[in-house]
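Taking it in order: structure first as structure tokens, then the write-up.
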Amino acid sequence: MKNAVTAIICVSLLSACSSIIEGTSQEIMVNTNPAGANCSLEREGLSIARVDPTPGAATIKKTKYDITIRCNKQGYEEATYLNHSGTAGATFGNIILGGGVGWAVDSAAGADNKYDSPVNITMVKK
């Protein structure tokens, strides 16, 4: 019985490992060439953050959905970058050590996701 209680405590401590190690938010650094652009970070058609001017960074909540970064600067064509939501490194350890419970907690919180950062966007003159 004592071993079962110890095992349950250990699994509980290991669950949600990505939430602890990776966190549920992330800073995305945006660089443009040339600098000084106004960039909107959009997810599912809604603006979630803005970097104005570049270079700069925005802190966003991590989810399983991709982020589109749209940058504008006078005299240049609009430039976009699709920042795919990937899997955070701690997720694999969490699945192995914490099992389904830890992964489910992290997935619900967005902690098992990550985005590219820094993002480098080259703008084209009109």
Next item on the list: Taking every pair of Cα atoms in the range 18-84, average 1/r, invert it to obtain the Kirkwood radius, and report Rg/Rh to two decimals.
Entry: 1.01
Checklist line | Label-to-label distance, nm, for residues given as Thr24 and Lys126 (7 Å Cα→Cβ offset) | finding: 4.3 nm
Next item on the list: Quote the accessible area belonging to Asp66 in square angstrom, nearest 10, computed with a 1.4 Å probe and with ligands, DNA and RNA left uncounted.
Entry: 60 Å²
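The values are calculated or read from the model by the stated rules, or taken from the named source; none is laboratory data. Just so we're clear, the structure is a prediction, and the values are computed from it rather than from any experiment. Cβ sites come from the backbone with ideal geometry, for glycine too, and all protein chains shown count toward neighbours. For the accessible areas, the whole protein counts, side chains as well, though only heavy atoms, and no ligand, DNA or RNA atoms are used. Shrake-Rupley method; radii C 1.70, N 1.55, O 1.52, S 1.80 Å.
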